[in-house]
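For reference, the structure discussed in these notes is given below.
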Amino acid sequence: MKSRNFQTRNGTNLAFSAIGLGTAPMGDLYELLDEKTSIATIERAYASGVRVFDSSPHYGNGLAESRVGAGLRHVPRDEVIVSTKIGRVMDAFTSPPPKNPDVFSPGFAGGYPHAPRFDYTYDGTMRSVEQSLLRTGLSRIDVLLIHDCDVWTHGRVDAERYFKEAMEGAYKALDKLRSEKVVAAIGFGINESDVSVKFAKAGDFDVAMLAGRYSLLIQNGLAEFLPLALQKNIGVMLAGVFNSGILATGARPGAKFEYGPAPEDIMERVRKIEKICAAHNTSIRRAALQFAMAHPAVVTVVLGGVKPEEIEANAADAEAAVPAALWSDLKSAGLLDPAAPVG
């Protein structure tokens, strides 16, 4: 699998594989998963050339991190990039609360019976990193991201307060860890392009994970954030490129968009994209992945998966060619931003 070399601000060279494995689904996001299958999926990803493994304490309240550690147990540590996040500290003595109906961020069908507490302070960040190391069984994390410090997760009332806390606390903690070369790269993982711009301007970050805001369906990260990332040499780890599933499955009954049932206007737009893809003998899934990989700011595209065969399909689509005429037809039909780079 192709890779992209990227030098961080502390002089570390990281080789990002073209696609990475995102482990949110392995936190029992939609369903309770078989443990052995989850670990086998991580092992298959490594065997397929995937070298980026992204997780978070949020994913199943630590369950996904534990599965990442188990799946990478026998892999040479220097051959992989392990990424996780801060912003939530787990309380092992308290049960998780019910999902907050006022925010978009999803709950999980399963996971550990530990309650998360939002904490973007300096001390909370250090505690979160320590917990992640214990869950994964690793001696270091390569990439640390400030996670979900946005309206998507906190609502408008609390988002600004948490942003201030993150820049005054979490950022300083991560910068210290980076300067000591305890971690290679620091950044943020956000579901909103405007908040990503805000973070990029506020600190000196190496990388950023942008989720769901630059895809074949939505390109609102194109106008400001992605050019800013190029300008500031921020490597973008692109996530959510299937927009919770609809760009992988197509507009079929039950298709998911933004973690819920896809509305009819989205279904119709996806049907139009599918029709053009079919005319070029290309699946919408392959087109969505190839489109995401094409932007020069992107160092890796992080894809979810819960079965070994899904990993194989992702790897095959990453290597496949897509006809150039597909992109021009999508742009002519008004289904793709004319300014979007397509390789």
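The values are calculated or read from the model by the stated rules, or taken from the named source; none is laboratory data. Please read these numbers as outputs of a predicted model, since none were measured by experiment. Cβ sites come from the backbone with ideal geometry, for glycine too, and all protein chains shown count toward neighbours. For the accessible areas, the whole protein counts, side chains as well, though only heavy atoms, and no ligand, DNA or RNA atoms are used. Shrake-Rupley method; radii C 1.70, N 1.55, O 1.52, S 1.80 Å.
Can you tell me the FRET efficiency between ALA333 and ASN281 if r is taken as the Cβ-Cβ distance and R0 is 22 Å, rounded to the nearest 0.05?
About 0.80, to the nearest 0.05.
For segment 118-184, what % of the accessible area comes from carbon and sulfur atoms, probe 1.4 Å?
Of all accessible area on segment 118-184, carbon and sulfur atoms account for 52 percent.
So which lysines pass the test for LYS275, namely a Cα distance under 16 Å, with those fewer than 8 places away in the same chain ruled out?
The reachable lysines, counting only those whose Cα sits under 16 Å from LYS275, are LYS331.
Does segment 143-255 come out rounded, prolate or oblate, given a ≥ b ≥ c as the square roots of the eigenvalues of its C-alpha gyration tensor, rounded meaning a/c under 1.5 and, failing that, prolate meaning a/b above b/c?
Prolate, since a/c reaches 1.5 and a/b exceeds b/c.
May I ask you to list the aspartates and glutamates whose Cα is less than 18 Å away from that of LYS176, ignoring any residue fewer than eight positions away on the same chain?
Hits, sequence-local ones excluded: ASP119, ASP123, GLU130, ASP142, GLU165, GLU168, ASP204, ASP206.
Rounded, prolate or oblate for segment 235-343? Axes are the square roots of the Cα gyration tensor eigenvalues, ordered a ≥ b ≥ c, and the cut-off for rounded is a/c under 1.5.
Rounded shape, in that the Cα axes give a/c under 1.5.
Which trypsin sites (Lys or Arg not before Pro) from segment 98-192 combine a DSSP loop assignment with at most 14 other Cβ atoms within 10 Å?
Answer in residue order: LYS99, ARG140, LYS181.
Relative contact order for segment 168-265: what percent, with Cα pairs under 8 Å and sequence separation of 6 or more?
Once normalised by length, the contact order is 21 percent.
Hey, any idea what the orientation-averaged projected area of the convex hull of segment 46-97's Cα atoms comes to, in nm²?
If I average the Cα hull's projected area over directions, I get 4.3 nm².
About the Cα centre of the chain, how large is the charge dipole given +1 on each Lys and Arg Cβ and -1 on each Asp and Glu Cβ? Please answer in debye to the nearest 20.
Here the size comes out at about 440 debye.
Would you mind checking which residues have amide H under 5 Å from VAL52's amide H? H placed 1.01 Å from N; only 5 or more apart, or other chain.
Close amide H contacts, sequence-distant or interchain: SER17, LEU21, ILE81.
Compute the helix-to-body angle for 151-165: its Cα long axis versus the longest principal axis of the chain, expressed 0 to 90° and rounded to tens.
Tilt relative to the chain: about 40 degrees.
Under a plain spin-label model, where a point goes 7 Å from the Cα along Cα-to-Cβ, how far apart in nm are SER139 and ASP123?
Computed distance between label sites SER139 and ASP123 equals 3.0 nm.
Which whole-number value in Å² is the accessible area per residue of segment 53-127, probe 1.4 Å?
Here the residues of segment 53-127 average 45 Å² of exposed surface.
May I ask what percent, to the nearest 5, of DSSP beta bridges between residues of segment 1-98 are antiparallel?
Antiparallel: roughly 50 percent of the beta bridges in segment 1-98.
As a test of the formula, what do you get for the chain when each DSSP H run with n ≥ 4 contributes -39,500 (n - 2.57) and the sum is divided by the residue count, at 222 nm and rounded to the nearest 500 deg cm²/dmol?
So the helix-based figure for the chain works out to -11500 deg cm²/dmol.
Decide, for segment 239-287, between rounded, prolate and oblate: order the square roots of the alpha carbon gyration tensor eigenvalues as a ≥ b ≥ c, take rounded if a/c falls under 1.5, and otherwise choose prolate if a/b is larger than b/c, else oblate.
Because a/c hits 1.5 or more and a/b fails to exceed b/c, segment 239-287 counts as oblate.
How big is the Cα convex hull of segment 95-212 in projection, averaged over all directions, in nm²?
7.6 nm²
Given Cα positions, please report Rg to Rh for segment 11-65, the hydrodynamic radius being the Kirkwood one.
That ratio equals 1.02.
How much net charge surrounds ALA184 when only other residues with a Cβ under 12 Å from its Cβ are counted (Lys, Arg +1; Asp, Glu -1)?
Around ALA184, the surrounding residues sum to 0.
For ASN233 and LYS164, FRET efficiency with R0 = 35 Å and r from the beta-carbon atoms, rounded to 0.05?
0.85
Tell me the relative contact order for segment 14-147 as a rounded percent, counting alpha carbon contacts under 8 Å between residues six or more apart.
Reported as a whole number, the value is 30 percent.
Excluding ligands, DNA and RNA, what is the solvent-accessible area per residue of segment 206-343 at a probe of 1.4 Å, expressed in Å²?
Per-residue value: 39 Å².
Please report the carbon-and-sulfur percent of the accessible area for segment 273-343; probe 1.4 Å, protein heavy atoms only, DNA, RNA and ligands left out.
Taking all protein chains in place, segment 273-343 shows 53 percent carbon and sulfur surface.
Give the carbon-plus-sulfur fraction of the accessible surface of segment 1-105 in %, rounded to a whole number; probe 1.4 Å, heavy atoms of protein chains only.
The C+S portion of the solvent-accessible surface of segment 1-105 is 52 percent.
With the contact rule set at Cα under 8 Å and sequence spacing of 6 or more, what percent relative contact order holds for the chain?
18 percent
Each label point is 7 Å from the Cα along the Cα-to-Cβ direction; what then is the distance between the points at LYS2 and GLU79, in nm?
Output for this residue pair reads 2.3 nm.
Indicate, rounded to the nearest 5 percent, the antiparallel portion of the DSSP beta bridges found entirely in the chain.
In the chain, approximately 25 percent of DSSP beta bridges are antiparallel ones.
For the chain, state the average projected area of the convex hull of the C-alpha atoms over all orientations, rounded to one decimal in nm².
Average of the hull's projected areas for the chain equals 15.7 nm².
Given R₀ = 35 Å, FRET efficiency for LYS99-GLU268 by Cβ-Cβ distance, to 0.05?
Between LYS99 and GLU268 the formula returns 0.75.
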